[in-house]
Structures are given as C-alpha cells and as structure tokens.
Amino acid sequence: MLRRISALVLAGLTAFAVASCGSESGGGTGGDAGAGGGTDDTIVMGFSQVGAESGWRTANTKSVQESAKAAGIELKFSDAQQRQENQIKAIRSFIQQRVDVIAFSPVVESGWDPVLNEAKNAKIPVILTDRAVDSQDTSLYKSFLGSDFIEEGKKAGQWLVEEYKDSSDTVNIVELQGTTGSAPANDRKAGFAEVIQADAKFKIIASQTGDFTRAKGKEVMEAFLKSNPDIDVLYAHNDDMGLGAIEAIEGAGKVPGKDIKIITVDAVKDGMQALADGKINYIVECSPLLGPQLMDLAKKVVAGEEVPTRVVTEETTFTQEQAKEALPSRQY
Ligand code: GZL
C-alpha cells in the first residue's frame, strides 16, 4: 500500500507540475508516479523471457503479450537471449521501476536466490512461469505455473516401451538434451530414463545438449551419426532440435521416422507437420499458452489473494494419425 500512497501524493504533485507546465507527461517508468504511467489501478508486470530459441518460445511470448493486453496489464517485457545474467539484470530493473509484479521463465534452475530475495525485500511478488528454480526457499515466489517435465519424459519413455514391446533386440537411443541446467532438460531426461531403465535392451548410447535450437540439434545429430552407425531411436527434448536432427539424418542418407524413430516434446506446428508427414513418430505436448493463467494469477497476487503455489498445465500426446487430425486447428 505504501507504493500506492506515495503514488497518489506524487501523482498529485505531478499533476500540479504538469498543469503549471501545461504539457502531458507520460508516467513511463511505472515507479511512484502511478504504476507504469497508466491510471493508479493499472497493474504493471515486469516479464523476463528466456529468449527466442524455439517455436515454443515464440508462441509463449505471443501468449503472454496478447494476454497482458487483454487483461489490461501493462507489460514491461525483456528478452534475455538465453543468458541468466540478462534475466537477473532485468529483474533488478523491474525492482527499481517498482513494478507491481514480476514474472519470469528461469533459463536455468540454479542461482536465483539473491535476486529473488531483493524482490522479496522490495515487497514485489514473483510468479515463475514455464520453468522452475531449485531454490529451497519457496517464499521467494508466489506460484509456479508450467508443465510437469518429468511426466513429459515419462510419456516419451512409455511410448518407446510400447513400440518395442515385442522385440528383445538392443535398442540404441541417442538423446538431444535441452539447455544445460534448465528444468525441462533435467526433468525430461530423468523421466525418460526412469521408464526405459525397466528393460536393459534400451541403451542410451549418446546424450548431449542441443540447447533447444534447430541449428544445434542438427550439428549434434551429425556428430552422433558419424560416431554411432547403428542408431535406432532419437529422443529430442523439443521439436526444434528434432527438426534439425531430421536434416542431419536425411543428409546421412537415412529415412527419419523409419531408419531412426524420433520422439520429441512440444507439439508446435512445424513438429506436428513432421509428425503428420511420418518423419517424427511421437510428440509429447508441452503447452506454451500460459498467458491467460499467468495474468489471472498476477491479478490475484497483486490483490493480496491466496494463489496455488503450483499450477500444472494440461497437455496431451500425439501419434502420426492424431497429428493429421489436430493440425488444422492448432493455435501454435
Ligand atoms: C518448456 C520450455 C522449453 C520448450 C522448448 O516449457 O521451457 O523451452 O520445450 C523451449 O522448445 O525452448
């Protein structure tokens, strides 16, 4: 409330100053001159986004920006280009601007306690969206809205176990991991491994990060193909790395989806098209459409209402046939 009283006092002084100067002055910074230059009750959200590394991220950014507009929330948006130091800088800037709420998708799980304590000391609530942090102090954020990545990895493993249930031959698997240290990479790897370890025929013969990008996915898959002549399966932590790997597989004269079966995660349009075309065999959905729920949480948090500490997004899986049916109505 202190922020509001000072805003009213300063707004009064500002109005007097503006009147005497005879010119409009935008609030602009969202500090004590009212939140973000709007009326006093406009919520200002500082949002630090991971980057623009994948089709999923692009869809997620669109969802956040469109939902903020629809909710009447002023969004201060920062793209960290997949660098944690940029996210920390952005969060510190939001604190200085005295935004009403901070939301961010942590590019990696660790190293957030200092800056989140600064937000807590400034009495600015924080909401995690998409990815989690590994902090032991859960008072540092009000809620974590996002997928269960371990469950996503398990779904990928369960499809593979079913696909090879009638075979006793060794199944050689290569894995393209997401960004090193990120929650989706750590958990998708763990969930998948937990399921396939039930049968010794499944062997992960190579596993390396492709940083969630198409280019890196292609590059690492080219290396996998050079050093592993008998790859049966690729498990890629997102569609974009899988799509890059498809280019590498075709470049090596092999048929993706047949010579090498491919499982990915996300279900963005390009991935679903490759699935429908038979180049990918199975996709585990990870919804990027978190914007509406994030804005609802933000309004409740700013109003001082209790919110769930964990909101798990609902998502499904797709076979090649299901992709053909779903494609026409996909939002992203
Ligand atoms: C998952 C998200 C991941 C996507 C990738 O919620 O953090 O980051 O799976 C994206 O496509 O780059």
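The values are calculated or read from the model by the stated rules, or taken from the named source; none is laboratory data. Being a predicted model, the structure only gives us computed values, none of them experimental. All Cβ positions, even for glycine, are placed from backbone atoms using ideal geometry, and neighbour counts span all protein chains on display. Keep in mind that these areas ignore ligands, DNA and RNA; they rest on the heavy atoms of the full protein, side chains included. Shrake-Rupley method; radii C 1.70, N 1.55, O 1.52, S 1.80 Å.
Within the range 168-194, which residues have the backbone N less than 11 Å from the label spot 7 Å out from ASP230 along Cα→beta-carbon, could you tell me? In the range 168-194, the label zone of ASP230 (backbone N under 11 Å from the point 7 Å along Cα→Cβ) covers 169-172.
Across the range 111-126, rounded Karplus estimates of 3J(HN,Hα) from the backbone phi angles (6.51 cos²θ - 1.76 cosθ + 1.60, θ = phi - 60°) give x, 9, 4, x, 6, 6, 5, 5, 5, 4, 5, 8, 6, 10, x, 10 Hz, Gly and Pro being marked x. Averaging 1/r across all pairs of distinct Cα atoms in the chain and inverting the result yields a Kirkwood radius of 21.3 Å.
Taking GLN49, GLN84, GLN197 as the candidate residues, the one with maximal mean-square fluctuation in a Gaussian network model of the chain, Cα springs under 10 Å, is GLN197. Between VAL64, VAL44, VAL255, the GNM of the chain built on Cα springs shorter than 10 angstrom shows VAL255 fluctuating the most. Per-residue 3J(HN,Hα) values for the range 74-82, derived from phi via the Karplus relation 6.51 cos²θ - 1.76 cosθ + 1.60 with θ = phi - 60°, read 6, 9, 9, 9, 10, 9, 8, 6, 6 Hz in sequence order (x marks Gly and Pro). Of the Cα atoms belonging to the range 231-332, the radius of gyration and Dmax stand at 17.3, 59 Å. Backbone amide hydrogens, once placed in the peptide plane, bring SER207 within less than 5 Å of GLU175, excluding anything fewer than 5 places away on its chain. Working from label points 7 Å from Cα in the Cα-to-Cβ sense, the GLU306 to PHE77 distance is 3.4 nm.
Using the Cβ-Cβ distance between ALA52 and ASP169 with R0 set to 35 Å, the FRET efficiency works out to roughly 0.25.
Anyone know which of ALA193, ALA119, ALA223 comes out most mobile in the 10 Å Cα GNM of the chain? Looking only at ALA193, ALA119, ALA223, the biggest GNM fluctuation is shown by ALA223. Rg then Dmax, both in Å and based on the Cα atoms of the range 217-278: 10.6, 31. Evaluating 6.51 cos²θ - 1.76 cosθ + 1.60 at θ = phi - 60° for every residue in the range 198-210, the Karplus couplings come out as 5, 9, 5, 5, 7, 10, 7, 8, 7, 8, 8, 6, x Hz, glycine and proline recorded as x.
How many angstrom lie between the C-alpha centres of the range 46-107 and the range 150-190? Each part reduced to its Cα centre gives a spacing of 30 Å. Under 5 Å between amide hydrogens, built in the peptide plane, is the criterion, and for VAL311 it picks out PHE144, LEU145, GLY146 among residues at least 5 positions away or on other chains.
Stretched out straight at 0.36 nm per residue, the stretch from SER139 to ALA190 would grow longer than its current Cα-Cα span by 15.7 nm. Per-residue extension of 0.36 nm, minus the Cα-Cα distance of ASP199 and THR42, leaves a gain of 50.9 nm for this segment.
Applying 1/(1 + (r/R0)^6) with R0 = 30 Å to the Cβ-Cβ distance of ALA215 and GLU118, what FRET efficiency is obtained, to the nearest 0.05? The computed FRET efficiency comes out at 0.30.
Here the range 149-286 exposes an accessible surface that is 46 percent carbon and sulfur, computed with a 1.4 Å probe and the other protein chains kept in place. Per residue, the solvent-accessible area of the chain (1.4 Å probe, heavy atoms of protein chains only, all protein chains present) comes to 44 Å².
The translational diffusion coefficient of the range 149-286, from Stokes-Einstein at 25 °C and 0.890 mPa s with a Kirkwood hydrodynamic radius over alpha carbon pairs, comes to 172 µm²/s. For the pair LYS69 and LYS89, the difference between a 0.36 nm per residue extended length and the Cα-Cα distance amounts to 4.8 nm. If you line up the long axis of helix 149-163 against the longest principal axis of the chain, both from Cα atoms, how many degrees apart are they, to the nearest 10? Value to nearest ten degrees: 20. The value of relative contact order for the chain, using C-alpha pairs under 8 Å at least six residues apart, is 16 percent.
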